[in-house]
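Read the figures in this text as sums done on the coordinates, not as results from a lab. Model, not experiment: these values are computed from the prediction. Cβ: placed from backbone, ideal geometry, glycine included. Neighbour counts: every protein chain shown.
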């Protein structure tokens, strides 16, 4: 036994030296291997407006494109209100045009004819007044004082009618006042704004995908009442994808933003996904519990994001992957 102890010590030393040499070689071969999980940005999608869901066009797992309509609210009431408001806008628009265009030639001719008629009536009344006045002044008793007064009143009334007809003609020829036109235009703008508001509310009845994504969860169904704070779909963005990995302090100096990386998944071990180093944390933190090694669990590490271009869409949210960085020998 005494002879075996030195042999065992030598074997242990050799094994330790071999392990140290292999680890040193792995460190100095220009490769840095890290382990992490795929992260994907997610969106909770809700209607801008409120109401009852009319239709939902997609199911869980469906691919959607940016700008695609994925759901509709019941907007029949708003549509009827918008149709009525369109009629109001058109009526007000015609009222503005009428004021701006002024009177028609027929209306001016009518006003002139009424003025001529009033002048003729006044001339007739003036002649009657002159005749009655002459008879009254002759003291022949052919007319009374009352007849004279009636003739004078009739002459004054017809003179006022002439003045009224002349004023009416002036108004017809001058057209609408600038203030009336401005008021009508303001009412038209108010009606148009109200119509735009209704159209905006109608557009809020469409639920539109903001980016290319995959439907992760369908949280509501047609017939449900929803508001702007009610989630309807949960979306996972297909681009970009990234891996969250953690680097120990000794290896921190070997990586830099923009460094090329290869990401391997167990399901496609021979088909790496190309990527590059993006975010590198400037603050150390304790190793997350997801890193299942006794040694690393008590170590301080730095979070690193590796941005990927997964054109074939092979990687999934939360999938464990291996990241290999080419740092250069001896770095």
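Things to note:
- Ordering of 233-240, 89-96 by burial proxy (mean other Cβ atoms within 10 Å per residue, highest first): 233-240, 89-96
- From least to most packed, judged by other beta carbons within 10 angstrom and beginning with the fewest, 229, 144 follow the order 229, 144.
- Across segment 94-238, Cα pairs under 8 Å and at least six residues apart give a relative contact order of 27 percent.
- Using the Cβ-Cβ distance between residue 94 and residue 123 with R0 = 30 Å, the FRET efficiency computed as 1/(1 + (r/R0)^6) comes to roughly 0.15.
- Ranked 279, 302, criterion: other C-beta atoms within 10 Å, fewest first: 279, 302
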